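Colleague: Please read through the structure below; I'll follow up with questions.
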Amino acid sequence: MTGRRGNGRRRAAASALAVLAALTSAVLALAGCGDGAGASWREPDDYAYTLELFDGECGAASRGAWRITVENGAAVEAEPLNDEARESAWAEGAPTIGEQHAAALGVRQDGAYDAVDIDEVDEGPEAGRLLRVHYVDRDGGAEGEGHESCEEYRDVQRTD
């Protein structure tokens, strides 16, 4: 029962913080007006990107890679790119980059994991876009064992 309660808290915190992350992104985008300093990536309505999940650090054993298409702000297609991806499915649909960024910020804020390292593009027109998230949970995971995973977001292309 404790695991279920913990997952519920994680989801509730992630949802609440998704709203906070969206508001923060809006404020940062407004702050970047003018000379380009402090510019922040604004998630387009239509784009495609590659998402790859790893067991352990980024670049470790792949748990799957997908080419995800986003239209009108919602993921509409997730094409599997490797055998691991073909053997799995998205229970609630594939995520957008913005949804994953907000979720990672929420998990970090809620303290559910020992470490949540979020890497973003540092400069240029994509500054602030999510690159990768590395999660470390020393005590959680399956049957109380620790768990480490990484997500990479790459090959982003606008489709509008």
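Colleague: Set the Förster distance to 30 Å, then compute FRET efficiency between ALA60 and ASP160 from the Cβ-Cβ distance, nearest 0.05.
Modeller: Numbers: r = 34 Å, r/R0 = 1.14.
Computed FRET efficiency for ALA60 and ASP160 comes out at 0.30.
Colleague: Starting from the Cα gyration tensor of the range 74-160, take the square roots of the eigenvalues, sort them a ≥ b ≥ c, and report rounded, prolate or oblate (rounded when a/c is under 1.5, otherwise prolate if a/b is larger than b/c, else oblate). Mind dumping the intermediate values first?
Modeller: On the way: a/c = 2.09, a/b = 1.23, b/c = 1.70.
Judged from the Cα gyration tensor, the range 74-160 comes out oblate (a/c at least 1.5, b/c at or above a/b).
Colleague: Let's test the formula: R0 of 25 Å, r as the Cβ-Cβ distance of ALA74 and GLN109. What FRET efficiency results, to the nearest 0.05? Intermediate values should be presented prior to the final figure.
Modeller: On the way: r = 24 Å, r/R0 = 0.98.
Between ALA74 and GLN109 the formula returns 0.55.
Colleague: Ok, one more. With just the Cα atoms defining each centre, how far is the range 40-65 from the range 96-150? Give it in Å.
Modeller: Their Cα centres are 12 Å away from one another.
Colleague: Now a separate question. Quick one: dipole size for the range 48-160, taken about the Cα centre, charges +1 on Lys/Arg Cβ and -1 on Asp/Glu Cβ, in debye to the nearest 20. Mind dumping the intermediate values first?
Modeller: Values: 9 positive and 28 negative charges, 59 e Å.
Dipole of the range 48-160, to the nearest 20 debye: 280 debye.
Colleague: Of all accessible surface on the range 37-96 at a 1.4 Å probe, what whole percent is carbon and sulfur? Before the final figure, lay out the partial values.
Modeller: On the way: 1330 of 3220 Å².
Of the solvent-accessible surface of the range 37-96, carbon and sulfur hold 41 percent.
The values are calculated or read from the model by the stated rules, or taken from the named source; none is laboratory data. Because the structure is a prediction, the values reported are computed rather than measured. Virtual Cβ from ideal backbone geometry, glycine too; neighbours counted across all protein chains shown. To get the accessible areas, we keep the full protein, side chains included, count just its heavy atoms, and leave off ligands, DNA and RNA. Shrake-Rupley method; radii C 1.70, N 1.55, O 1.52, S 1.80 Å.
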